[in-house]
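Accompanying notes for the structure given below.
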Amino acid sequence: MITSIGIIIAVLVTVAVFLYKPVQTPSRQASSTSTLRTTTRTTTTTTTATIITTSTTTTTILPTGVLKIVEAAFYRTLSPDGNRMNVTLSFTVKNTATQRIILLAVKVPDANKTISFPSGIILNPGEVLTETIAVYNNAAFRQGWGPGEIHEVLFVYRIDNQPYNMTTVGMARCI
């Protein structure tokens, strides 16, 4: 039986070889070679940010000598027994600016005193203000407020329509 299977296989192989004909392609006169090229592209996107710095400079020219102190003096009076005193500041100031100014306060640092004008005192250009204000009223006697003593006086004001306050500093002598 093995032989008969072997013979059958041999016959089938022979038939297959006999029937097999390779397919022939017609000959070409010119041969061409084709190359397949694969290209891989990598695209890198670079974003460049340009920072433009714009600087706006606002120059505000502050007026100098806007509120001029024409005169300032402290006056002290003592009680009959000499234990109490009154000190007043008498001053004259002038608006030398071309705009209105608003006097907001007068400060006397040595007396730790600020006299505020809540509504402000308006001075038109060229206008002069003379005022007397109390620094000490029936206060205990203090050294340093006698005749000839000098104390600092600060006038705080604002030029009309301006957001900042300005200060004129002066010295006043006790008389």
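All of the numbers you see were taken from the coordinates with simple rules; none came from a lab. Only a predicted model underlies this, so the values are computations on that prediction, with no experimental measurement involved. Neighbour counts run over all protein chains shown; Cβ positions are idealised from the backbone, glycine included.
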message: Loop-only trypsin sites (Lys or Arg not before Pro) in the range 56-162, please: DSSP not H, G, I, E or B, and at most 14 other Cβ atoms within 10 Å.
response: Arg142
- request: Tell me the label-point distance for the pair Arg158, Thr77, using the 7 Å Cα-to-Cβ offset, in nm and rounded to one decimal.
  value: 3.6
